[in-house]
Amino acid sequence: MRRQGWAATSIDQLCRAAGVTKGAFFHHFASKEALGVAAAARWTELTAPLFANADYHRHADPLERLFAYLDFRAALADGPLEAITCFAGTTVQETFASSEPIRAACGRSILDHADTLVGDFRAALEAYPPRLPVDAESLAVLTQTALQGGFVLSKATGDRAPLLDGVAHLKRYFGLLFGRSPLG
């Protein structure tokens, strides 16, 4: 069964809201689905520099970088919920059953961001070998899973507390896993 959410909005409605002609729309996009795929790619393009240039990279220790990354994500949670949550995560929730190309594009966006953490997790695993078998890739995906879930529950409750609590729990988990407190 396919959901109808985003599909119910017509191209005419999109063009009116954007203040463009239908011809201008079709000059850039073959369909609404192509617009959705392009929007997910643009989200990745716009947010990549924010994370690439963030202060958490200044930490020499990989675990400190990961803790600082989580602190950075918590700091980004200051503002209205619609401004602090992930476009790709929100879009995939709305379109996963109705548009395979948009689902895949949003998944790429989220997983590409997870990939930016893999090197830090590998270095942390080497510097602080855990007693339990884990790998860097799954820890990076876990991080994004917790953040995306925090976004969803924050929207559901109208409060950023679930996101901030999730970040705090991740920090405690990584501290326990790596035998090093996130407090120093």
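Pick from the range 53-70 the residues that are in contact (Cβ under 8 Å) with a residue 40 or more places away in the chain and part of a helix (DSSP H, G or I): which of them is farthest from D165 (Cα to Cα)? Out of the qualifying residues, it is P62.
Hey, any hits in the range 89-103 for a residue that's aliphatic (A, V, I, L, M), touching a Gly at 6+ places or on another chain (Cβ under 7 Å) and in contact (Cβ under 8 Å) with a residue 60 or more places away in the chain? Yes, there is a match, as at least one residue in the range 89-103 is aliphatic (A, V, I, L, M), touching a Gly at 6+ places or on another chain (Cβ under 7 Å) and in contact (Cβ under 8 Å) with a residue 60 or more places away in the chain. Reported count of residues in the range 88-122, each being assigned to a helix (DSSP H, G or I) and open to solvent by less than 70 Å² (accessible area, probe 1.4 Å), is 21.
Identify the single condition in (1) out of contact with any helix residue (DSSP H, G or I) (no Cβ under 6 Å at 6 or more places or on another chain); (2) open to solvent by less than 40 Å² (accessible area, probe 1.4 Å) that T85 does not satisfy, given that it satisfies every other one. T85 satisfies all of (1) out of contact with any helix residue (DSSP H, G or I) (no Cβ under 6 Å at 6 or more places or on another chain); (2) open to solvent by less than 40 Å² (accessible area, probe 1.4 Å) except (1). Checking each residue in the range 127-176 for being within 19 Å of R65 (Cα to Cα), open to solvent by 80 Å² or more (accessible area, probe 1.4 Å) and among the basic types (K, R) picks out only R172. Of all the listed residues (A124, A136), the sole one being more than 13 Å from the chain's Cα centre (by Cα) and under 18 Å from V167 (Cβ atoms) is A124.
There is at least one residue in the range 19-34 that is within 21 Å of the chain's Cα centre (by Cα) and open to solvent by 30 Å² or more (accessible area, probe 1.4 Å). Cβ separations smaller than 7 Å between residues 6+ apart or across chains give the following pairs from the range 155-177 residues that are part of a helix (DSSP H, G or I) to residues that are hydroxyl-bearing (S, T, Y) and surrounded by 14 or more Cβ atoms within 10 Å (Cβ to Cβ): K155/T85; P162/S154; L163/S154; L170/T143.
The values are calculated or read from the model by the stated rules, or taken from the named source; none is laboratory data. Since the structure is predicted, the reported quantities are computational estimates derived from the model, not experimental observations. Positions of Cβ are backbone-derived with ideal geometry, glycine not excepted, and every protein chain shown enters the neighbour counts. SASA here: full protein model, heavy atoms, side chains in, ligands and nucleic acids out. Shrake-Rupley method; radii C 1.70, N 1.55, O 1.52, S 1.80 Å.
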